[in-house]
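Here is the structure we will look at.
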Amino acid sequence: MTTIRDAPRTCGDEYELSLQSTRTVRAVITSVGAGIRSLSVDGVALCPDYDTRDVRPFYSGVALAPWPNRIRDGRWSHDGVPHQLDITEPDLGNALHGLLCFTEYRIVHRGPGEISLAAPVHPQHGYPFHLHTEVRYVLTDDGLRVTHFVRNSGDASAPVALGAHPFLTVGDVPADQLILTVAADSHIEVDSRLNPVGVHRVDGTRWDLRSGCAVAELDLDDAWTDLHIVAGTSTHTLYAPDGRSVSLCADQTFGHVHVFVTRRYPRAGRVVTAVAVEPMTAPADAFNSQSGLRWLAPGEAFSASWSIRYREDGP
């Protein structure tokens, strides 16, 4: 595994992973945010690359802890004590994507096709708790497996939720030509600031993506729950016209999935459509709703895993 340090990069050091088995699998993982910069199987890109001379676009590939998505107004309370997180989404007035997106992780294990990175969460505005977090990336024959680990290293129970922000693609097929399926029975309704206001069944609505819909027809910054679990795993997929596909597969700990479609993703000097499929153990504003939220006692830990999988012949 190579570490790249030949120029200043907004994503910190880059770690190249490689696996040569029935296929050639490669990835680049970044130290800042423990993020996925690139992933390919036999030369087919499964994540869009980006220019590291600029700030990472749209949180591409980063680990999200101790919460994914948003906390309304950055405010929450526990046992009558109010807490105010820093507002990191000023346009909508929310605290967005946790506390580690721009944190430098350190290596705790490395090998040719795998790496584990760790970062602490220290007490800070609105989150007076100590956590130890790790993210482990392991290349597989069909892509990449990711495991998140978090332990309460403090002396008080701490609220925790986890997520990730991978963008997915199928080689050089334009994202607008892909078909997206989301295997979920319920959609989380949101207000104008993208915070939850209810949960409704998708039947008969435009949020029913169980049978697939062209990305070209979608404008999404939305989450789903009541995921279809098969053999302990939920699977959400982007299909190319030629039958190739890339899937986000997550274990049952990830009870929610968020899909973000942007038509402003910077790539090779222009902007293109890109699709993020984000596993989440809890929905937006979980510190207030408690939905999916875990309260870890001192010394308590939990882990959760998800994968990116490539297929050449459809499901």
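The values are calculated or read from the model by the stated rules, or taken from the named source; none is laboratory data. This structure is a prediction, so every number in the text was calculated from the model and none was measured. Virtual Cβ from ideal backbone geometry, glycine too; neighbours counted across all protein chains shown. SASA here: full protein model, heavy atoms, side chains in, ligands and nucleic acids out. Shrake-Rupley method; radii C 1.70, N 1.55, O 1.52, S 1.80 Å.
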Point to revise | the chain - charge dipole about Cα centre, Lys and Arg +1 at Cβ, Asp and Glu -1, debye rounded to 20 | key: 460
Check your understanding: When the chain is treated as a GNM, springs tying every alpha-carbon pair under 10 Å, which of 302, 254, 287 comes out with the largest mean-square fluctuation?
Key -> 302
Practice item. Can you run the Rg to Rh ratio on region 69-203? Use alpha carbon positions and the Kirkwood inverse-distance Rh. Key: 1.01
Study note, to complete from the structure: Computed about the Cα centre, the charge dipole of region 122-240 from +1 Lys/Arg and -1 Asp/Glu charges at the Cβ has a magnitude in debye, to the nearest 20, of 420
Point to revise | Percentage of interatomic Cα-Cα distances in the chain larger than 31 Å | key: 26
Study note, to complete from the structure: Residue-normalised value, i.e. accessible area per residue, for region 1-136 at 1.4 Å probe, in Å², stands at 44
Review point. What ³J(HN,Hα) values, in whole Hz, does the Karplus curve 6.51 cos²θ - 1.76 cosθ + 1.60 give for region 98-105 when θ = phi - 60°, with x put for Gly and Pro?
Key: x, 10, 10, 4, 10, 8, 7, 7
Study note, to complete from the structure: Of the accessible area of the chain, computed with a 1.4 Å probe and all protein chains kept, carbon and sulfur make up a percent value of 49
Review point. Using the eigenvalues of the Cα gyration tensor, what equivalent ellipsoid semi-axes result for region 215-315 when each is taken as the square root of five times the eigenvalue, whole Å, largest first?
Key: 28, 18, 12
Exercise for review: For the chain, calculate the relative contact order in percent as a whole number, restricting contacts to Cα pairs under 8 Å that are 6 or more residues apart.
Suggested key: 18
Review point. Based on the Cα gyration tensor of region 2-150, what are the three equivalent ellipsoid semi-axes, each the root of five times an eigenvalue, rounded to whole Å and given largest first?
Key: 31, 16, 14
Practice item. Would you work out the charge dipole size for region 9-144 about its Cα centre, treating the Cβ of every Lys and Arg as +1 and the Cβ of every Asp and Glu as -1, and quote it to the nearest 20 debye? Key: 120
**Study point:** Part-to-part distance (alpha-carbon centres) for region 10-79 and region 266-315, which is given in Å
**Key:** 11
Point to revise | Highest-first arrangement of 167-179, 187-199, where packing means the average Cβ count within 10 Å | key: 167-179, 187-199
Review point. How large is the helix-only mean residue ellipticity at 222 nm for the chain, computed as the sum of -39500 (n - 2.57) over DSSP H runs with n ≥ 4, divided by its residue count, in deg cm²/dmol to the nearest 500?
Key: 0 deg cm²/dmol
Study note, to complete from the structure: Sorted by chain and then number, the residues having a modelled amide H within less than 5 Å of the amide H of residue 296, at least 5 places away or on another chain, are 158, 160
Study note, to complete from the structure: Here the relative contact order (percent) of region 1-139, from C-alpha pairs under 8 Å and at least 6 apart, is 20
